[in-house]
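Q: The following block contains the structure, expressed as structure tokens.
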Amino acid sequence: QVQLVESGGDLVQAGGSLRLSCAASGTIFVINDMAWYRQAPGKQRELVASITRGGTTNYANSVKGRFTISRVNAKNTVYLQMNSLKSEDTAVYYCYGTLFGVNYWGQGTQVTVSS
């Protein structure tokens with residue numbers, strides 16, 4: 001059973017930076033597409049950034065130029081470098097991955113940006 005475990009969430013001041021990590025375990029195969037989603041209180045979960053196994057990336061307009069998604073396939077790990085954080089980035093951030101047509105989610109990590 002594939003498991004995704006996030007880490008790195010924290011309380012940070014506006015303008016600061018955080019790096020989230022998500023490690024996949026329970027498989028010898030490289031996870032296909034991986035992504036970060038977030039959900040703020042009272043809002044729907046939204047895509048923040050995604051990355052294919054080959055390294056092609058996609059970003060939500062709200063984070064372009066501030067966030068960078070990357071991955072290390074040998075470690076089945078995906079990262080989200082978040083710079084110039086804003087109060088509106090406050091949310092629970094979820095890691096997502098897909099393998100052989102099955103979607104997997106992490107448990108979420110809280111990011112709180114104080115203004």
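Q: With every protein chain kept in place and ligands, DNA and RNA left out, what is the accessible area per residue of the stretch 35-79? Probe 1.4 Å, answer in Å².
A: 56 Å²
Q: Tell me, in nm to one decimal, what length is gained between L11 and W105 on full extension, where the rule is 0.36 nm per residue of separation less the Cα-Cα distance?
A: Roughly 31.6 nm would be gained on extension.
Q: Hey, quick one: spin label on N73, modelled 7 Å out along Cα-Cβ, who in the stretch 22-38 has an amide N within reach, i.e. under 20 Å?
A: 22-36
Q: How would R45, R38 rank on accessible area, largest to smallest, probe 1.4 Å?
A: From most exposed to least exposed: R45, R38.
Q: What does a probe at T112 reach in the stretch 11-30, counting residues whose amide N is under 14 Å from the point 7 Å along Cα→Cβ?
A: From the stretch 11-30, the list is 11-14.
Q: Mind ordering 85-94, 12-21 by average Cβ neighbours within 10 Å, highest first?
A: Descending mean neighbour count gives 85-94, 12-21.
Q: Something else about it: Take R45, project a point 7 Å from its Cα along the Cβ direction, then tell me which residues of the stretch 78-92 have their backbone nitrogen under 18 Å from it.
A: Residues 78-80, 90-92 qualify, since their backbone N sits under 18 Å from the label point.
Q: Using each residue's phi in the stretch 64-80, evaluate 6.51 cos²θ - 1.76 cosθ + 1.60 at θ = phi - 60° and report the 3J(HN,Hα) Karplus result to the nearest Hz, with x for Gly and Pro.
A: Per-residue couplings from phi come out as 4, x, 10, 10, 9, 9, 8, 8, 10, 4, 4, 9, 6, 10, 10, 10, 9 Hz.
Q: Still on this structure: May I ask you to evaluate 6.51 cos²θ - 1.76 cosθ + 1.60, the Karplus curve with θ = phi - 60°, for each residue of the stretch 8-17 and list the ³J(HN,Hα) values in order in whole Hz, giving x for glycine and proline?
A: In residue order, the calculated couplings are x, x, 6, 9, 9, 7, 4, x, x, 10 Hz.
Q: Give the carbon-plus-sulfur fraction of the accessible surface of the chain in %, rounded to a whole number; probe 1.4 Å, heavy atoms of protein chains only.
A: Within the chain, the accessible surface is 48 percent carbon and sulfur.
The values are calculated or read from the model by the stated rules, or taken from the named source; none is laboratory data. In this text, all values refer to a predicted model and were calculated from it rather than measured experimentally. Every residue, glycine among them, receives a Cβ derived from its backbone with ideal geometry; neighbour counts consider all protein chains shown. To get the accessible areas, we keep the full protein, side chains included, count just its heavy atoms, and leave off ligands, DNA and RNA. Shrake-Rupley method; radii C 1.70, N 1.55, O 1.52, S 1.80 Å.
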